[in-house]
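The values are calculated or read from the model by the stated rules, or taken from the named source; none is laboratory data. Computed from a prediction, not measured in an experiment: that's the story for all the values here. Heads up, the Cβs are rebuilt from the backbone with ideal geometry, glycines too, and the neighbour counts pull from every protein chain shown. Ligands, DNA and RNA are excluded from the accessible area calculation, which covers all protein heavy atoms including side chains. Shrake-Rupley method; radii C 1.70, N 1.55, O 1.52, S 1.80 Å.
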Amino acid sequence: MTQWSRNERGSILTSVVDLMFILIIAFLAVGVFVRGLEPPTPGQPGKTQVSGTEPASPGPPPSPEESQQVQDTLAMDQHTAEAMAQQVASLTAEIAHLKEQLAAVGQREKELKDLAAELAGRNTGLRQLEQQKAEYTRKLADVQAALATAGKDTYTFASGAPLVNRSRTAQKTNDVMLSEGKVIPIATPYYTGKRQSDNSLVAWPVQAGLSIQDALQPDSPLMKEIKTAEFRKEGRVRLFVNADSFATFRALRDALVRDRIDYGWEPVEGTRLRFSGHGADVPSQMP
């Protein structure tokens with residue numbers, strides 16, 4: 001498409017050069033005709049004057065036929081000069097038109113360059129979208145794998161993980177709310193709370209939680225804390241589970257069991273929690 005525009009511009013430039021050549025020839029021709037109409041001046045050919053002698057006497061006057069012939073020639077030359085002047089004006093207008101076409105071709109090439117730059121930008125955006133799609137596909141595969149693991153009967157509420165009430169009290173806890181399939185750490189910035197007059201603490205969520213696949217990532221806020229050596233030794237993850245999040249609970253619970261991280265859970269309704277002042281512990285259910 002760009003090659004076609006260059007050929008078009010070359011054709012227009014050739015036409016302009018040809019017209020300019022014709023215009024120069026026309027001007028030269030008009031000049032020759034005009035000089036031919038001027039009477040000869042003294043000292044020019046046609047009136048030879050010898051220095052020091054008397055000027056030659058004029059010849060006999062021209063006959064009426066000769067006068068008419070001269071007048072006819074002058075009229076014809078005048079008509080020819082006027083026709084050539086009209087042709088010059090027409091050629092000048094055509095040259096102006098061709099210049100406009102040449103400017104339009106230049107503008108067209110600029111538009112093509114702009115379109116090419118825009119297309120390159122869109123291709124870059126398309127590659128970024130493809131990368132995002134690949135990342136989302138990977139995360140979806142992780143979710144499906146987690147859900148497939150959660151659906152196994154290895155640990156179920158009916159017959160699965162034994163409820164072991166360990167005698168030891170956890171020295172450190174990490175509380176997590178499971179609601180609407182989300183994992184919501186009960187800590188800033190996900191939760192806020194207010195101390196009551198009886199020294200209890202009422203807490204409620206202020207930010208959306210994590211999907212199960214994001215929560216299980218090694219760099220998630222939950223995993224970065226509970227996978228430390230200190231937490232493994234002294235800590236316990238306390239899970240507060242809504243009825244709509246049992247699948248999420250099973251996936252998170254199985255991950256904790258695989259990593260040998262102590263956990264306990266309690267069924268709750270809603271996401272608003274009240275923690276008593278004496279800090280009753282949630283018993284461990286780690287097998």
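The table for this structure:
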{"read-out": "Given (1) modelled with pLDDT of 95 or more; (2) open to solvent by less than 10 Å² (accessible area, probe 1.4 Å), index of the condition residue 200 fails", "value": "(1)"}
{"read-out": "Close pairs (6 angstrom Cβ cut-off, 6 or more residues apart or separate chains): under 22 Å from residue 214 (Cα atoms) in the range 180-197, open to solvent by 80 Å² or more (accessible area, probe 1.4 Å) anywhere", "value": "180/244; 189/207; 190/207; 192/206"}
{"read-out": "Answer residue from the range 246-287, given it is out of contact with any helix residue (DSSP H, G or I) (no Cβ under 9 Å at 6 or more places or on another chain) and at positive phi and is modelled with the lowest pLDDT among those", "value": "279"}
{"read-out": "Residues satisfying the stated conditions in the range 232-287, i.e. surrounded by fewer than 16 Cβ atoms within 10 Å (Cβ to Cβ) and polar (S, T, N, Q)", "value": "276"}
{"read-out": "2 or more residues within 24 Å of residue 286 (Cα to Cα) and over 44 Å from the mean Cα position of the chain (by Cα): qualifying strands (runs of 3 or more DSSP E) within the range 167-274", "value": "172-179, 235-241, 263-267"}
{"read-out": "Which listed residue, of 113, 152, 133, 172, is at pLDDT below 70, surrounded by 10 or more Cβ atoms within 10 Å (Cβ to Cβ) and of a type in the set (D, E, K, R)", "value": "152"}
{"read-out": "Residue 228 vs. criteria farther than 13 Å from residue 173 by Cβ and either in contact (Cβ under 8 Å) with a residue 60 or more places away in the chain or touching a Pro at 6+ places or on another chain (Cβ under 9 Å) (or both)", "value": "no"}
{"read-out": "Pairs with Cβ under 6 Å, 6+ apart, first in the range 92-111 and at negative phi, second in a helix (DSSP H, G or I) and modelled with pLDDT of 90 or more", "value": "none"}
